[in-house]
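Here's the structure, in structure tokens; my notes come after.
The values are calculated or read from the model by the stated rules, or taken from the named source; none is laboratory data. As the structure is a prediction and not an experimental result, all values here were calculated from the model. Neighbour counts are summed over all protein chains in view; Cβ atoms, including those assigned to glycine, are modelled from backbone coordinates with ideal geometry. Just so you know, the surface numbers come from the protein's heavy atoms only, side chains and all, with ligands and any DNA or RNA stripped out. Shrake-Rupley method; radii C 1.70, N 1.55, O 1.52, S 1.80 Å.
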Amino acid sequence: MWAGGCAGGGGFKMALCGRVRSRCPGPVLLLLLALVARPAAGGPPMPPVAPVGGGGPAAAGQAAGPGAAGPRGPRGFSSGSGWKLSEEAVCREDVVRLCSKHSWANNLAVLECLQDVRESDNEISSDCNHLLWNYKLNLTTDPKFESVAREVCKSTIAEIKECADEPVGKGFLVSCLVDHRGNITEYQCHQYITKMTAIIFSDYRLICGFMDDCKADINLLKCGSIRPGEKDAHSQGEVVACLEKGLVKEAEETDPRIQVSDQCKKAILRVAELSSDDFHLDRHLYFACRDDRERFCENTQAGEGRVYKCLFNHKLAIFYMMVKEASCQGEMLDYRRMLMEDFSLSPEIILSCRGEIEHHCSGLHRKGRTLHCLMKVVRGEKGNVGLHCQQALQTLIQETDPGADYRIDRALNEACESVIQTACKHIRSGDPMILSCLMEHLYTEKMVEDCEHRLLELQYFISRDWKLDTVLYRKCQGDASRLCHTHGWNETSELMPPGAVFSCLYRHAYRTEEQGRRLSRECRAEVQRILHQRAMDVKLDPALQDKCMIDLGKWCSEKTETGQELECLQDHLDDLVSDCRDIVGNLTELESEDIQIEALLMRACEPIIQTFCHEVADNQIDSGDLMECLIQNKHQKEMNEKCAIGVTHFQLVQMKDFRFSYKFKMACKEDVLKLCPNIKKKVDVVICLSTTVRNDTLQDAKEHRVSLKCRRQLRVEELEMTEDIRLEPELYEACKSDIKNYCQNVPYGNAQIIECLKEIKKQLSTRCHQKVFKLQETEMMDPELDYTLMRVCKQMIKRFCPEADSKNMLQCLKQNKNSEVMDPKCKQMITKRQITQNTDYRLNPVLRKACKADIPKFCQNILNRAKDDTELEGQVISCLKLKYADQRLSQDCEDQIQVIIQESALDYRLDPQLQMHCSDEISSLCAEEAAAQEQTGQVEECLKVNLLKIKTEMCKKICNPSIKSFLGEIPLKISF
């Protein structure tokens, strides 16, 4: 691969090497008669070449170079007397072992024999290999080969302009004809050149300067090699590779024994640079891709990497051609791997990123480390990078395309080898899905830190060009052309912002059939895969990072844990700048439809999904079902903390905009537009719709204004909001300080904060107290919204109230409270709710309805003194009790008061007036009775016994009728 460059000083193009340099090795006197005198079978004899005098053994030895042939250099190859390869000590054993005896006298026959060895078991010794390389170099530079070529190939040279322009006497003409041997039709010329391919270095005219500058190093390291390359039997790639190994060894050793000269180091670098710059000068790539170049890039001018870029843009087209193009693909793979390993092969990187390399990435030249260091800087993890450098890096990633084969990126390959062997071993090596597999295992136990960094550095750039994800591009190219106006197979618009095509694709991914044009199924699956991966890191979403950079710094600078940045932006949605808010809102809306995009949440919730939600998780189209299932099962014992936190976060985000609840949005969007226009926040929309439903119900409207499907989903939303006080923003804001003061260590989930506030209601701030009272009023009217009651009494409801309407659930439980099979915890919760109801008639819907005429008739003075949202502490109920004694109540009201008197006679806590005015007496006279776990009238009996000891007038006044009731002085309709 390396054999395509002319090294040396200045910036001369490789193909001009021979024309501007005069330091190529001089000719050696050789006899060519033995070579050309043997005609090919069935063909005319080759023209003889006259022997050339001069030089002698000394000159030959000098040309061979030190260590090549000892004191005598290789001079010829005739069967006559003179120097013979077979007699050289370093080669004698190999010649005897591998070559037939009759060839030993012919140097050329021995050369052909030894360089044609293919089996690894028969490899010749390195010393012999090096000797043969010097011998072949001397043959290559002999001008007599050129003299014969000009005579035999006269008409061919005239036809091949490139060869006709080669300078005379430099030894380049034969190399050029060998390059074009496939196009030679002249018989004698073809025969001659075919023979030459076994003798000379085919690429010598391109590497002569390299030979000059590195000859001493080649001999010092014994890098001379005649081993045939995989692609070009006479390429000097083996020699350059050997020198490179010497460079690496020198860099690794603290005190290197052998050092490559600075002159040769520059020459090697020049070979590489020129190879990357001009397609013609990379011999492997040139020959392997010549046909593809003519097919796809005929009008592309060579130089500055233009032909390579053209071939890269057509790589998919080439891939689908016939098998014979495989060699071109292979060469491009090698070429791309080199570019990723060594930044110095990319002039744009050197020019655009010089400052960044010196400041951030010095000393990391090998194995692609410099490029990955620059990628890290671009990601914002290690300072800042200039725009030109960032563009140069993006261009390089586009050219090398490591997304198609991770092995191109050596730094990534080495860092992730262990992860690939464990987590991705089921995927074929080199498959583009390896990268996707690595992303799937990001932040898991199988991932290692170094792999994580290299992976995210590369994915940052892949995410900014949809074509760099090979699978996505292949599956979605048609959809992109149809929906996103990318008409050409290889169209690239400099004006198109990063990620624009993918943004277009995901906008169409979740459209309904009614909304029109949708993605194909296979493209939609790929879009979901990419969204799944991007959710792990905001930097993998170009639009999000671009529009939200200021907000990320302002609100989320301390959120460094995995996935925290997006959650932070969602938490501050109302504070974000407009463009950022729109992008975060759109992404959140997308998540509400398909929560599986949230890869980290899905990973945390996998156990609960497998146990409770596997059926909806297997659906190809989620439509919000999976999140609804997770919310419903949030408090199962199998639920882990990470999953619960993630689900709650999503619930909280949903409250910011009703569009973030996909099922709610789809069920109620028409109702919202009609009944609640200009309302955005979900909680406000829920209140608006709920109020409309309630009013229609109370007024017995013939037709509900809210559609049936919306009413059903509205119920789901109302029930979900009762589980966490944070899902009711107004209540939460009103009670924040009270929560901090009284419920600081109480968890939010399972409505525990709400229950805490209810139990200390008298201590709450006025505003919080009012909000809690309103909440309780709503819950008493619709007990199904009482999350704690429904949770604690779930089994008892199934046992006693399976057919009960949700509005009558508490009433049903109260009627069965004293059953022998009633669960004690549920019974205790029912009592708590009864105590609450008796504090204010407005909290007892059944009483309120039964006494709606009696209350204003007999207790108006109390109502006049009452304040909204503040309990009357049982005053109205006490007023009705007195009227009950006078038998002045309506029948329905009398029945309800009778029940209350009966219940409070058994449990003093159900009489708020008694508790308020007799608390001291109960503590001093009846403490033991009050402490009893089961209240069966002990306190009332105690007060009756100690009636004369009661000193508080209000307590005496309250107790007298109560005690008289027990004594039978107040007639009751039912017996105790």
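Could you tell me the accessible area of Ser481 in Å² (1.4 Å probe, neighbours in place), rounded to the nearest ten?
30
Can you give me the orientation-averaged projected area of the convex hull built on the Cα atoms of the range 837-937, in nm²?
6.9
With all protein chains present, calculate the accessible area of Asp262 using a 1.4 Å probe and round the result to the nearest 10 Å².
About 110 Å², rounded to the nearest 10.
Say R0 is 22 Å: what FRET efficiency, to the nearest 0.05, do Glu759 and Arg909 get from their beta-carbon distance?
Details: r = 13 Å, r/R0 = 0.58.
E between Glu759 and Arg909, to the nearest 0.05, is 0.95.
Taking N as the number of residues in the range 354-480, what is its Cα Rg relative to 2.2 N^0.38 Å?
So the range 354-480 has a normalised radius of gyration of 1.06.
Using every alpha carbon pair in the range 659-794, what percent of pairs falls into each 5 Å bin from 0 up to the bin containing the largest distance?
2, 10, 19, 20, 17, 15, 10, 6, 2, 0
Counting other C-beta atoms within 10 Å, and keeping those with at most 11, which DSSP coil GluC sites (Glu not before Pro) do you find in the range 678-757?
Answer in residue order: Glu703.
What do the square roots of 5 times the Cα gyration tensor eigenvalues come to for the range 735-815, in whole Å, largest first, as semi-axes of the equivalent ellipsoid?
For the range 735-815, the semi-axes come out at 27, 14, 8 Å.
Under 21 Å from the Cα of Lys867, which lysines turn up, not counting those fewer than eight places away in the same chain?
Straight-distance partners of Lys867: Lys758, Lys761, Lys762, Lys771, Lys774, Lys849, Lys852, Lys857.
Which of the listed residues, Cys756, Pro783, Gln744, is farthest toward the dipole's positive end in the range 657-810, when Lys, Arg count +1 and Asp, Glu count -1 at the beta-carbon?
Positive-most Cα among the choices belongs to Gln744.
Between Asp450 and Ile258, what is the spin-label point distance in nm, taking each point 7 Å from the Cα along the Cα→C-beta axis?
Taking the two extended label points, one gets 2.8 nm.
Carbon-plus-sulfur fraction of the accessible area of the range 391-438, 1.4 Å probe, in percent?
Ligands and nucleic acids excluded, carbon and sulfur give 46 percent.
Would you please classify the overall shape of the range 602-657 from the alpha carbon gyration tensor, given that a ≥ b ≥ c denote the square roots of the eigenvalues, rounded means a/c under 1.5, and beyond that prolate means a/b larger than b/c while oblate covers the rest?
Note, shape of the range 602-657 comes out oblate.
Would you mind listing how long the range 523-639 runs along its three principal axes, going by Cα atoms, in whole Å with the largest first?
In descending order, the Cα extents are 41, 36, 21 Å.
Quick one: what does P(r) look like for the range 784-862 with 5 Å bins over all Cα pairs, in whole %?
Calculated P(r), rounded to whole percents: 3, 15, 24, 22, 14, 9, 6, 5, 1.
Given a 1.4 Å probe, how much area per residue of the range 381-470 is accessible, in Å²?
Numbers: 3590 Å² over 90 residues.
About 40 Å² of surface per residue is accessible.
In what order, largest first, do Asp895, Asp868 sit by accessible area if the probe radius is 1.4 Å? Intermediate values should be presented prior to the final figure.
Values: Asp895 65, Asp868 120 Å².
Sorted descending by solvent-accessible area, the residues read Asp868, Asp895.
In the range 591-683, what trypsin sites (Lys or Arg not before Pro) fall in a loop by DSSP, with at most 11 other Cβ atoms inside 10 Å?
When the trypsin sites (Lys or Arg not before Pro) of the range 591-683 are filtered for loop state and at most 11 Cβ neighbours within 10 Å, Lys637 remain.
Using protein chains only and a probe of 1.4 angstrom, how many square angstrom of Asp886 are accessible, to the nearest 10?
Rounded to the nearest 10, the figure is 90 Å².
What is the pair-distance distribution P(r) of the range 840-880, computed from all Cα-Cα distances in 5 Å bins starting at 0, with each bin given as a whole percent?
Whole-percent P(r) values from 0 Å outward: 6, 24, 39, 27, 4.
So, with a 1.4 angstrom probe, what is the percent of accessible area on the range 881-956 that is carbon and sulfur?
Here it works out to 48 percent.
Of the heavy-atom accessible surface of the range 684-802 (probe 1.4 angstrom), what whole percent is carbon and sulfur?
The nonpolar share, carbon plus sulfur, comes to 48 percent.
Quick one: accessible area per residue over the range 761-879, 1.4 Å probe, rounded to a whole number of Å²?
51
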